[in-house]
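Below: one structure, written as structure tokens.
The values are calculated or read from the model by the stated rules, or taken from the named source; none is laboratory data. Just so we're clear, the structure is a prediction, and the values are computed from it rather than from any experiment. As a convention, Cβ positions derive from the backbone with ideal geometry for all residues, glycine included, and neighbour counts pool all protein chains shown. The protein model used for the area step is the full one, side chains on, heavy atoms only, and it has no ligands, DNA or RNA in it. Shrake-Rupley method; radii C 1.70, N 1.55, O 1.52, S 1.80 Å.
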Amino acid sequence: MAFRRRNKSYPFFSQEFLIQNHADIVFGLVIVVLIGLMFEATAKTAILFIQPQYNISTLSPDGEVTFYHYGWRDCATVLFYFFIAIILHAVVQEYILDKVNRRLHLSKSKNTKFNESGQLCVFHLVSSVWSLYILITEGYLLHPSSLWENYPHVHLRFQVKFFYLAQLAYWLHALPELYFQKVRKEEIPRQLQYICLYLLHVLAAYLLNLSRVGLVLLFLQYASELGFHIARLFYFTDESHQKMFDLWAAGFVFTRMVTLTLSFLAVGFGLARAENQGLDLEMGNFNTVLIRMTVLLLVCVTQSWLLWKFIRFQLRRWREFRRTQDARKKAAPKPALRPLKRDSLGHHENGVLKAENGASPRTKKIKAP
């Protein structure tokens, strides 16, 4: 299975060979794990990578229900879907983004940003639809109090746990992709910032048993970022498309307000009034004042940082718009001067008749009678 065109062959174990064939190498590892399911001796080990672990079956009025909790064996599952994310990244890049890039003929810097927005646009679209589906089916939207009631939320349904494992796998795969995609050095710090922030927030919501609040916040964030990357893709296709950024700006401010309000409502007030106060690692209870304040501080600092970047982005757009308007005014042709009417002898200037050569015409002498 070849993902990229081979214009030149490189020696084995070289850096260029690894970058060019990393998707094929990872695909081979995935095939090895899948083949392991076919044999009884290796099936138990192979299933550890594919299926989420730590399942518990309980009886309910609707019948037997299976719940999950987290543990160290989740690392193997995250590793497998880490490989899957690398393969899907290569598929999107090769069969969608590269074909569009050949038609647009973008510069190298714009090409890098276009690929970044294209990949994140696909991921944010899938994640926002997926998280919204979970919120609707689990009933979190119709009953907001369920976000903090009956804490700790140790037992997760399959779709909730698999969502968090997929999120961790994707953001972990984004780290080596900086190397595989040959991202420019000046772009690496910016991309590392948001990758690490996503990993920190997703991991905190998963390990602190704040999965319900985390689902809502991730849905809001992914929907907002989806609008930004769609606007940027339209901008790269045609720089006159600026209205999409205005729509995203309104949605961005609304998202920040809802995120802060929901965080203080669920963590600051909901969990503060819960009966089970205290730290209990065996029960998965992290409802202490210190942890609640740390979570709120993390959310507030992140939202403030995002708002600061948003303000700087809007100011840069405003400066570019003003610079463009000034350049257009300077390049506009000046209106032609209206020519003065001239008589047969010359023209008038300040009430005095002038000749064609600029001299005053000679006055006629009056003959004496």
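Figures for the structure shown
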quantity	calculated
Listed pairs Lys108/Lys161; Lys185/Lys330; Lys44/Lys99; Lys108/Lys330; Lys44/Lys182; Lys182/Lys330 exceeding 32 Å between Cα atoms	Lys108/Lys161; Lys185/Lys330; Lys44/Lys99; Lys44/Lys182; Lys182/Lys330
Rg/Rg_ref, region 154-250, where Rg_ref = 2.2 N^0.38 Å and atoms are Cα	1.28
Contour minus Cα-Cα distance for Leu265 and Lys185 (0.36 nm per residue)	24.7 nm
Label point distance in nm, His143-Met293, each placed 7 Å from Cα along Cα→Cβ	3.3 nm
Alpha carbon convex hull of region 85-232, volume per residue in cubic angstrom	111 Å³
Where the chain is the region considered: accessible area per residue in Å², 1.4 Å probe	64 Å²
Net dipole in debye of the chain [+1 Lys, Arg Cβ; -1 Asp, Glu Cβ; about Cα centre; nearest 20]	3800 debye
Cα-projected label distance for Thr58 with Arg102, points at 7 Å along beta-carbon direction, nm	5.5 nm
Simple label model, 7 Å out from Cα along Cβ direction - Leu132 to Leu200, nm	2.9 nm
Positive dipole terminus of the chain, leading residue within Ile134, Tyr198, His241 (C-beta point charges)	His241
Length-normalised contact order for region 196-307 - Cα pairs under 8 Å, 6+ apart - percent	23 percent
Extension gain (nm, one decimal) between Leu18 and Leu315, 0.36 nm per residue minus Cα-Cα	102.8 nm
Cα-centre dipole for region 160-211 with unit charges at Cβ (Lys and Arg positive, Asp and Glu negative), debye to 20	40 debye
Linear extension gain, Glu239 paired with Leu192, 0.36 nm per residue minus alpha-carbon span	14.2 nm
log₁₀ of I(q)/I(0) at q = 0.06, 0.08, 0.12 Å⁻¹ - the chain, Debye sum with one point per alpha carbon	-0.36, -0.55, -1.06
With Cα atoms, 0 to 90° folded angle of helix 74-92 axis to the chain main axis	30 degrees
Nearest-10 value in Å² for the accessible area of Leu142, using the 1.4 Å probe	150 Å²
Of Leu226, Phe264, Tyr68, farthest towards positive along the dipole that unit charges on Lys, Arg, Asp, Glu beta carbons give the chain	Leu226
Test item: Cα-centred dipole of region 215-297, Lys/Arg +1 and Asp/Glu -1 on Cβ, debye	200 debye
Rounded to 10°, Cα long-axis angle of helix 158-180 versus longest principal axis of the chain	50 degrees
Viscosity 1.002 mPa s, 20 °C: Kirkwood-radius Stokes-Einstein D of region 183-299 over Cα pairs, µm²/s	130 µm²/s
Burial ranking of peptide ranges 84-93, 293-302, 211-220, 314-323 (average Cβ count within 10 Å, highest at the top)	211-220, 84-93, 293-302, 314-323
Over region 261-321: Kirkwood hydrodynamic radius from C-alpha pairwise inverse distances, Å	13.8 Å
